[in-house]
1. Between residue 220 and residue 4, how many nm apart are label points set 7 Å from Cα along the C-beta direction?
2. What's the ranking of 110-118, 229-237 by average number of surrounding C-beta atoms within 10 Å, highest first?
3. Could you give the length gained by full extension between residue 91 and residue 187, i.e. 0.36 nm per residue of separation minus their alpha carbon distance, to one decimal place?
4. So how much slack lies between residue 176 and residue 78, counting 0.36 nm per residue of separation and subtracting their Cα-Cα distance, in nm?
5. Can you check what the Kirkwood hydrodynamic radius comes to for region 51-143, Cα pairs only, in Å to one decimal?
6. What Kirkwood Rh does the chain have if only Cα atoms enter the pairwise 1/r average? Answer in Å.
7. Helix-only estimate, please: 222 nm mean residue ellipticity of the chain, summing -39500 (n - 2.57) across DSSP H runs of length 4 or more and dividing by its residues, to the nearest 500.
8. Determine the relative contact order of region 3-243: mean sequence separation of Cα pairs under 8 Å and six or more apart, normalised by residue count, in whole percent.
């Protein structure tokens, strides 16, 4: 097996296969989720999880085998400071039987972030909590590190770069900052995971984040327990690599 195929297998095992189309938060989407769940347990292996809107979490759980987890988003995608809304979303996710909550922290108002995240953490006790920092919107390195510290101090199990709904999503620079924050925290360095999300379309893209994670928090972290990739299109390239199919030239999209 080639190095590229080995990376593809790592990426597949750590993939959060995602369907968060606009409008699905209020109605419809069942056909999309049914197709998503079928892809999650595919011919080359299973993904770590599927990630959906809260109202579709129970439906996704009903379609999947127990070894594929269900994640759903809270306070998404805007990251408001409305604690009641974030807790309501989280309660819906937990009641649906999902195992993971991906919550957008109030990145425009970091003063309110600790209280909101603490409330969400209490509401989803026992579930995996991924905190979305929306690093492409914050941009300032000092503020990104401040946001990471707030998330870690309030129960984050993963630091996640972005919602995928903003112009700038995952970047290597943001990844380094979040991974460094995890590595520098004695309580987090051997426990908390990292999730780049948005704009990751090829196995080569995924390889970069696998390499950074290995470099900063260690090769042992490249498991679904501590490393995830949030992407809806990456599976196409993973399957092409693993099947030996013809793939687009570097830099192209499909």
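1. 3.3 nm
2. 229-237, 110-118
3. Full extension of this stretch gives 31.9 nm more.
4. Length difference between fully extended and current span is 32.9 nm.
5. 13.3 Å
6. For the chain, inverting the mean 1/r across all distinct Cα pairs yields 17.9 Å.
7. Taken over the chain, the calculation gives -13000 deg cm²/dmol.
8. Rounded, it is 20 percent for region 3-243.
Laboratory data are not the source of any read-out in this text; all were calculated from the coordinates shown. In this text, all values refer to a predicted model and were calculated from it rather than measured experimentally. Cβ sites come from the backbone with ideal geometry, for glycine too, and all protein chains shown count toward neighbours.
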